[in-house]
Amino acid sequence: MFRLRKTRLRIIASSMLATLLVTTTPPALALDPECIAAPTLTTARRTEAINMQNGVVASAWRWYPGADASRAKLAYQGTKVSVATGNLRNIDFGILHWGIPNSQDLRMLNYSDYATLASINGDYMDNNGPWSAMIEDSSMFYAPPGDSGVVGMVTVKVDPSKGYRTTGTLKVGKKIYRVTGVNQLKPGASSVVLYNSNYVHDIPPKGEATIVLRGSKLFRFYPNGASVSKKIGTVIQLRGPKAASVKSLVANSFVKLALAEPPSTETRMAADSVRAIGSISSTNTTLNFDSINYGYLSPYGATLFDQNYESTTKSGRVTLRIQPDDLGRLVVKNVYRQGYYTKVDAGGYIVQVSSTLASTALRFKAGDIVTISRSYRSVAKSQFINAAGRGPRILQNGKFIWVCSDHSNDYRPRSAIGWNQDGQVWLITSSRGENANDNGMRMGGSATDQIGLWLQQLGATDAVLLDGGGSTTMEIKHPEDGWQRFDLPDEAWYRSLANAFAIKSKY
């Protein structure tokens, strides 16, 4: 029987740093009247920020139990919002796991990749393992049959008209601005984005301040931002701290713009649905499989097991044992006509067939040389570098899409991932912020809609929910103290996880 897992800080940075992380613009209003308003993070009683490697910052905001939390329309037990954020310019995003179907607590999962700087619990799971597929190094190594909702890092071909991250500078008089993007459809909260004649639309997204260039001169500037056409010149939209400095610009000032060449590809975050596709073929037989390392076995097709599966497989109606020979060719060693419980041999594969494809599997003979082809299909054609299971989308293309009336509004610990086109990634949890003897039932935290609205405040345009409740866990690698729990005190109990998501050092 399975269970659904619902979902000491040192202050080393001033509140000024926290201000850089949070915009003061109120969150977009949720259309659903069942949603619960989220207080702005800047109204919290305490803000902490920790500078880490590769530009990663871990921050926490807290409303204390009782009246402080109740006035903010938060759980009476109190709410701590914990965030770790970094940019794909400087970080990698990855999946942590200890093989299939093993589970470990988040502290142990961190040790599976030395480059990890911050981590958060991952997919929903049961005794079989994660509910959804996992991809690593662009290869799918775990998948149940059918579609899986996943989130992860992708490689995309850059279309300059639809935007990309960049490095560059704009010098106006004596002021210098660091350009962060070109033609971005959904720019970040602290960004300086240039829009040229190639931009896919006529009017770029409005910033908090706007500069228009013509040739080598400042043509116009709008201290409070403006929606202007790209036809009048090169438009630069500023957001965040740099926007305020536009007020002191002088018209007709000479400008100097220096930009890097557009990249052919870049890494971004994406949410999509994927499914395994693959086959085992001999000279005269082909057997398709639709799941990988899935312990329950596919009821519809065949299941392929490789060395990532560290337990004994269940027995299908037919079992194929495949091993490499001295020349490296894959050879069918055994065909078990009644199925067979077994472990995977070193370098080999096990194929379990429990469906009507059993008759096809029986066409293979011991000694057959076979090839194995495996890949995955994604609905939006995402080319994932790595990915693992997610819950529903909360934000998409800058819009709050969570339909609160369709979901529980209980205050519980929540976990989510947010991102934007500028490459900023946020891991976020809400919890009660203190240890409690709660008999395994985490309380406090937030409603799901509130965590989505906080991500909007931080600058995310897209976000997905993760497992929560007792599974909610966040850890950071403190630059001086090493690994520490960030959502709750270190002495709080941990739940074992099938996998986790990580912000990792890029170099």
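Throughout, read-outs are computed from the coordinates displayed, never taken from laboratory work. Remember, predicted model here, so these are calculated numbers, not experimental data. Here the Cβ is made from the backbone with ideal geometry for all residues, glycine too, and neighbour counts use every protein chain on show.
Key figures
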| read-out | value |
| --- | --- |
| Residue-averaged [θ]222 nm for the chain, counting only DSSP H segments that reach four residues, each worth -39500 (n - 2.57) | -1500 deg cm²/dmol |
| Computed magnitude of the charge dipole of the chain (debye, nearest 20; Cβ of K, R +1, Cβ of D, E -1) | 1600 |
| Tensor-based shape of the stretch 30-80 (alpha-carbon gyration tensor, a/c under 1.5 rounded, otherwise prolate or oblate) | oblate |
| The stretch 85-123-the stretch 271-335 distance, computed between alpha-carbon centres (Å) | 27 |
| Highest-first arrangement of 160-172, 405-417, where packing means the average Cβ count within 10 Å | 405-417, 160-172 |
| Packing-based order for 94-101, 311-318, 277-284, using average beta carbon neighbours within 10 Å, highest first | 94-101, 311-318, 277-284 |
| Shape call, the stretch 160-263: gyration tensor on alpha carbons, a/c limit 1.5 | rounded |
| Rounded if a/c under 1.5, otherwise prolate or oblate - the stretch 276-378, Cα gyration tensor axes | rounded |
| 5 angstrom amide H check on SER446, placed H, neighbours 5+ away | ARG412, ARG414 |
| Dipole of the stretch 160-263 [Lys/Arg +1, Asp/Glu -1 at C-beta], most positive-end residue of LEU218, SER253, HIS201 | SER253 |
| HN-Hα J in Hz across the stretch 242-252 - Karplus 6.51, -1.76, 1.60, θ = phi - 60°, x for Gly and Pro | 5, 4, 5, 6, 5, 4, 9, 6, 10, 4, 6 |
